[in-house]
Amino acid sequence: MSGHVLVVEDDHRLRNVLLRGLREEGFETTPAQDGAAALRLAVAGVDAVVLDIGLPDADGRDVCQALRANGFDRPVIFLTARHHLTDRLSGFSAGGDDYLAKPFHLAELAARLRAAVKRSPPASPVTGGEVVLDAVRHTCTVRGVPLSLTPTEFRILAALLAAAGDLVPRRDLVRAGWPEGAQVSDNTLDQYLTRLRRRLREAGSALTLGTSRGVGHRLS
Ligand code: CA
């Protein structure tokens, strides 16, 4: 057995091709047709996720960020019909490990999955920290209590949580929070961070949003 793969793809024909092909390549498979199912099923302990970016209920990159923010540390390989380099880069900044553009050969996907699973450290239990994100509804709970966030706040928080206590450069926070090409001043980002810091504190979170001046921020 090569591992257990969660296949997240809304196109049912492609999903069935993936499921059948990966089984023939020796993988155990679980299907999911949208982001909500992906978030629910990934915690059940899979070895890797194949994640379509164009899902009906959420952007696959948001789903990946939420998985990472919620402690899921197994490889994620994005599938996308889009061929632009920017997509590729934002896929990686969302916490993906690899990327395949449709159409692709199943043997290549299987090979990349095997390599990613092998590279990846042994699964650690998904603990789900005190802050849990739902990428589909863009909702957040702190110690089980809902915290309502604007989409931009949600994306910035997801990027900070996905880094698991590491420093996140300010440009990555801007890239996470706003559409590509948006002009975001230092001041605007600071205002969002100040608000996030206050909202987490008010919600009773023990996490601290720290600043490395001029470099970036970390949530730890
Ligand atoms: Ca799709």
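The values are calculated or read from the model by the stated rules, or taken from the named source; none is laboratory data. Just so you know, these numbers come straight off a predicted model, no measurement behind them. Virtual Cβ from ideal backbone geometry, glycine too; neighbours counted across all protein chains shown. For the accessible areas, the whole protein counts, side chains as well, though only heavy atoms, and no ligand, DNA or RNA atoms are used. Shrake-Rupley method; radii C 1.70, N 1.55, O 1.52, S 1.80 Å.
Computed quantities for the displayed model
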read-out	value
Rg/Rh (Cα only; Kirkwood hydrodynamic radius) as it applies to the range 126-219	0.94
Cα coordinate range in the chain, projected on the principal axes (Å, largest first)	51, 35, 30
For the chain, calculated [θ]222 nm from helices alone, where every DSSP H run of n ≥ 4 adds -39500 (n - 2.57)	-12500 deg cm²/dmol
Solvent exposure, largest accessible area first (probe 1.4 Å, DNA, RNA and ligands not counted), of 205, 212	212, 205
Stretchable slack from residue 198 to residue 137, in nm (0.36 nm times residue separation minus alpha-carbon distance)	19.8 nm
Relative contact order [Cα under 8 Å, 6+ residues apart], the chain, whole percent	16 percent
Check: the range 3-118 dipole with +1 on Lys, Arg Cβ and -1 on Asp, Glu Cβ, in debye	200 debye
Selected from 81, 55, 132, residue furthest toward positive end of dipole (the chain; charges at beta carbon)	132
Net charge dipole size for the chain [Lys, Arg +1 and Asp, Glu -1 on Cβ; Debye, nearest 20]	520 debye
Neighbourhood net charge (9 Å Cβ-Cβ; Lys/Arg +1, Asp/Glu -1) for residue 10	-4
Full-extension gain in nm, residue 2 to residue 130, via 0.36 nm per residue minus C-alpha separation	42.8 nm
Among beta bridges that DSSP assigns inside the chain, antiparallel share in %, nearest 5	45 percent
Where 25, 202 fall by accessible area, highest first, once all protein chains stay in place (1.4 Å)	202, 25
Radius 14 Å from Cβ of residue 106, net charge of other residues (Lys, Arg +1; Asp, Glu -1)	+3
Label point 7 Å beyond Cα of residue 220 along Cβ direction - residues of the range 156-200 with amide nitrogen under 13 Å	163-168
Accessible-area order (highest first, 1.4 angstrom probe) of the listed residues 112, 23	23, 112
Residue 11/residue 213 FRET efficiency (R0 45 Å; Cβ-Cβ; nearest 0.05)	0.45
